[in-house]
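Student: Take a look at the following structure, please.
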Amino acid sequence: MNLTTAVAELKGVGPVLAQKYTKLGISRLNDLLEYYPRRYEDYSVITSTNSLRPGPVTIKARVVSASGRYVRRGMHITEAIASDEHGSVRLVWFNQPYREKALKKQQIYFISGNYELGRGRFSIMNPSVELATDMPANVARILPVYRETKGLDSRQIRKDLLQVKDMICSIEEPLPKWVLSQYALLPLKQALLQIHFPETTRQLEEARLRLSFDEVFRLSLASQLNKQEVKQENAISIPFDEKLAQLFVKHLPFSLTDGQRISIWKIYQDIAKAQPMNRLIEGDVGSGKTVVAAMGAIMAISKNHQVALMAPTELLARQHATTLYTLLKPLGYDSTVTLLVGSMTTLQKKKARAAISSGKAGLIVGTQALIQDDIDMRSLALIIIDEQHRFGVEQRKTLMAKAGHMPHVLSLTATPIPRSLALTLYGELDITALKDKPAKRQPIITDIIFPGDKMKIYEEIERELSAGRQMFMVCPSIIDSDSLETISVETAYKELTEGFFKHRRIGLLHGKLKNEEKQSIMQKFLNKELDILVSTTVIEVGVDVPNATVMVVRSPERFGLAQLHQLRGRVGRGDHQGRCYLLIEKTDLPLSRLKALVSSNDGFKLAELDLELRGPGAIYGTAQHGALDLRIANLADVTLITKATSAAKAFISKKEDLSAYPILEKHIKKIMRVTNLN
């Protein structure tokens, strides 16, 4: 056997168990070695029977006796007595009748389990037992606990890892020797041995450091190489026109913030170069990213180039088209704004495509369908990506093949990116943060509401609705689920229409509705034909309803802090105070995370906290974990991030040949192919 051998070839692992392994993403032995424990239980300290204390314990003792019996309702109890030179202790197993015959009397065992009080006396409950040897699998050691699936538990995984333990010595080192030396890292084979078979907590931490470093180093190096690759391409240079910029600002109904001015100037500097821009503008809710994008767009349009703005949803694309039309109208460029979305009629789409191919459409707004083969944008100079976080190299190349050059790319996100993620997942992007908000924008007042106070809050909301305002109610799911104790939009909608707000005009919006239905419902809400909109998170990003002042989030514990911050940003966008009510359904929930939202309106601070508490999946969705193979690294570990990104930059500055490190090269190329993290 070798590391590419199928896991089914292991002794005791047949087709059925191999299928269980497949569910965990393990098909070959190298997959098994790279399947890291999610936590550990320390049974490494051997205790004498006269020194036992409540909690996890391990003893080395001789089994003196063992017997089993059935008690009420068919439950089986096995009891045994284990003795060492200091005394004896009782062992108890529930519903494990095989234990009586399996235990060999007078044999010495390692016995690990929980020492606890039951029925008036202390016993070791449901312990793991192995004959005393130098290499126990499930006892007398720091015990790794793995993510499990039905029919395949950590005990089996540990047993199978023992079979491949000797193969670890054949693993090749993927990193250059200078990286290991400069950053004091274990060799990979030693790290793998210590992550699965740690003898001390220090060994465990050393292994974690090396394996975490690998993951972050690969992410950082892939990002830097992506950045290098893009910069080698040619883009259309768009010269800065100072008079045009001044004219645009003059017609704005508000003053630009300092953050907006800085961001716009950086964009103008970027697009004036013949190298492609790759910039991300991250701005908290209401910081004015659309105006920044519009100022970049008008510079390209004025030179008879095309700009494509891609939004994640048709709803948001339509909203952008309306906003941009209004912003460009005073300068006479409104006629260049062209919308292309799926719900348009065949004739409308045909006209839009004709305008695009002729060049008449200067600013094309739509979803990601804009880059499909049947769209001809031969003078495309700039792409603006809203809430996609990253526009990949492969997608750029698709456009380059159509246009004959690499476009400039400006990405926008209302989700503040923690610094550690900016250095790793988005290391190829130049990032600008809009941290100040328009002067008139008031902070959203946020409160946690307990079930008993719901009617009282509804009365306050009713007064707000009576004053002509509107309300969002957001729920985590479309329909009720037996496994999740949460409120669905269907249940909430029924509750409101049949209960306290039955006299109000209420709409229902969720992702399973057809685009036409979603657009119609949202338009009614925008036109003030609805008082309340009950929705899933389809309204989370970008939707602008200035008259909405109340956001009620049901089952808020199901959302990340960054997501909740996005949701409350949907209200208070006009002249009136916005309020967000986090309506919990159960009183026994831990509230410390939600209290952070109550005390802070700083999206950047909340994003950092969300990363620390819940990991990157809470901010960006869980898909990227699988795609980028983040199995062990903690992306909130700033020290680790700094070291690994420094090593990646040094790798490039030393002009290392990636092909000289084939294992590393394989990982890097895989990451570079991941073009969209959303």
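Student: With the cut-off at 32 Å, tell me which of the pairs Lys23/Lys454; Lys273/Lys670; Lys23/Lys669; Lys60/Lys177; Lys360/Lys518 have Cα atoms farther apart than that.
Tutor: Lys23/Lys454; Lys60/Lys177
Student: If I model a spin label at Val638 and Phe240 as a point 7 Å from the Cα along the Cα→Cβ vector, what separation in nanometres do I get?
Tutor: That separation, rounded to one decimal, is 3.2 nm.
Student: Please calculate how many Å² of accessible area the chain carries per residue, with a 1.4 Å probe and no DNA, RNA or ligand atoms counted.
Tutor: Computed with neighbouring chains in place, this is 46 Å² per residue.
Student: Further question: Among bridges DSSP assigns within the chain, what percent are antiparallel (round to 5)?
Tutor: 40
Student: Straight-line reach from Lys524: which aspartates and glutamates have Cα under 18 Å away, leaving out those fewer than 8 places along the same chain?
Tutor: Glu314, Glu516, Glu540, Asp544
Student: Can you give the calculated 222 nm mean residue ellipticity of the chain, where each DSSP H run of n ≥ 4 adds -39,500 (n - 2.57) and the sum is split over every residue, rounded to the nearest 500 deg cm²/dmol?
Tutor: Rounded to the nearest 500, the figure is -11500 deg cm²/dmol.
Student: Between Arg39 and Thr346, what FRET efficiency comes out of the Förster formula 1/(1 + (r/R0)^6) with R0 = 60 Å and r the beta carbon distance, rounded to 0.05? Spell out each step's value before the answer.
Tutor: Details: r = 56 Å, r/R0 = 0.94.
With a Förster radius of 60 Å, E is 0.60.
Student: Follow-up. Just checking my list (1) 30.3, 95; (2) 24.8, 78; (3) 26.0, 85 against Rg and Dmax of the Cα atoms in Å computed from this structure; which label fits?
Tutor: Of the listed options (1) 30.3, 95; (2) 24.8, 78; (3) 26.0, 85, (1) comes from this structure.
Student: Which residue, chosen from Thr432, Met406, Ile449, occupies the Cα position most advanced towards the positive end of the dipole of the stretch 403-450, where the dipole is computed from +1 (Lys, Arg) and -1 (Asp, Glu) charges on Cβ about the Cα centre?
Tutor: Farthest towards the positive pole: Ile449.
Student: Give the carbon-plus-sulfur fraction of the accessible surface of the stretch 430-519 in %, rounded to a whole number; probe 1.4 Å, heavy atoms of protein chains only.
Tutor: For the stretch 430-519, the apolar C and S fraction of the accessible surface comes to 49 percent.
Student: If contacts are Cα pairs under 8 angstrom and at least 6 residues apart, what is the relative contact order of the stretch 120-190 in percent?
Tutor: In percent, rounded to a whole number, it is 19.
Student: Another question, if that's okay. Rounded if a/c is under 1.5, else prolate if a/b beats b/c, else oblate: with a ≥ b ≥ c from the C-alpha gyration tensor eigenvalues square-rooted, which is the stretch 166-237?
Tutor: Working: a/c = 3.32, a/b = 2.81, b/c = 1.18.
Here the stretch 166-237 falls in the prolate category.
Student: Right, here's the next one. With every protein chain left in place, what is the accessible area of His251 in Å² (1.4 Å probe, nearest 10)?
Tutor: The accessible area of His251 comes to roughly 90 Å².
Student: Return the aspartates and glutamates within reach of Lys649: Cα separation strictly under 18 angstrom, same-chain partners fewer than 8 residues apart disregarded; answer none if there are no such residues.
Tutor: Counting by Cα, and skipping residues close in sequence, Lys649 has these aspartates and glutamates nearby: Asp214, Glu215, Glu229, Glu428, Asp430, Asp657, Glu665.
Student: Provide Lys502, Lys595 ordered by accessible surface of protein heavy atoms (probe 1.4 Å), highest first.
Tutor: Details: Lys502 145, Lys595 120 Å².
Most to least solvent-accessible, the answer reads Lys502, Lys595.
Student: Let me ask something else about it. What does the charge add up to near Leu186, with Lys and Arg as +1, Asp and Glu as -1, over the other residues with Cβ less than 11 Å from its Cβ? Present the calculation step by step, with values, prior to reporting the outcome.
Tutor: On the way: positive: Lys189, Arg208, Arg210; negative: Glu173, Glu205, Glu206, Asp214.
Taking every Cβ under 11 Å from that of Leu186, the sum is -1.
Student: How high is the relative contact order of the chain? Use alpha-carbon pairs under 8 Å, at least six apart in sequence, and give a whole percent.
Tutor: Dividing the mean separation by the residue count of the chain yields 12 percent.
Student: Can you pull the percent of the stretch 201-285's accessible area that's carbon plus sulfur, 1.4 Å probe, other chains left in place? Walk me through the intermediate numbers first.
Tutor: Values: 1930 of 3890 Å².
Ligands and nucleic acids excluded, carbon and sulfur give 50 percent.
Student: Cross-link partners among lysines for Lys435, C-alpha distance below 16 Å, same-chain residues fewer than 8 apart left out?
Tutor: Reachable lysines: Lys266, Lys289, Lys605.
Student: Describe numerically, in nm with one decimal, the distance between label points set 7 Å from Cα along Cα→Cβ at Glu459 and at Lys231.
Tutor: Spacing of the two 7 Å Cα→Cβ label points: 6.4 nm.
Student: Within 14 Å, Cβ to Cβ, of Ser67, how many net charges do the neighbouring residues add up to if Lys/Arg are +1 and Asp/Glu are -1?
Tutor: For residues surrounding Ser67, the net value is +3.
Student: At 1.4 Å probe size, put Glu199, Glu229 in order of accessible surface, largest to smallest.
Tutor: Listed by decreasing accessible area, they come as Glu199, Glu229.
Student: Sorted by accessible area with a 1.4 angstrom probe, largest first, how do Glu172, Glu490, Glu428, Glu130 fall?
Tutor: Highest to lowest solvent-accessible surface, that is Glu172, Glu490, Glu130, Glu428.
Student: Taking the Cα-to-Cβ direction at Lys494 and at Arg378 and moving 7 Å from each Cα, how far apart do the two end points lie in nm?
Tutor: 5.8
The values are calculated or read from the model by the stated rules, or taken from the named source; none is laboratory data. Values in this document were obtained by computation on a predicted structure and should not be read as measured data. Please note: Cβ atoms are built from the backbone with ideal geometry, for glycine as well, and neighbour counts cover all protein chains shown. When the accessible area is computed, the model is the full protein with side chains, heavy atoms only, and any ligands, DNA or RNA have been set aside. Shrake-Rupley method; radii C 1.70, N 1.55, O 1.52, S 1.80 Å.
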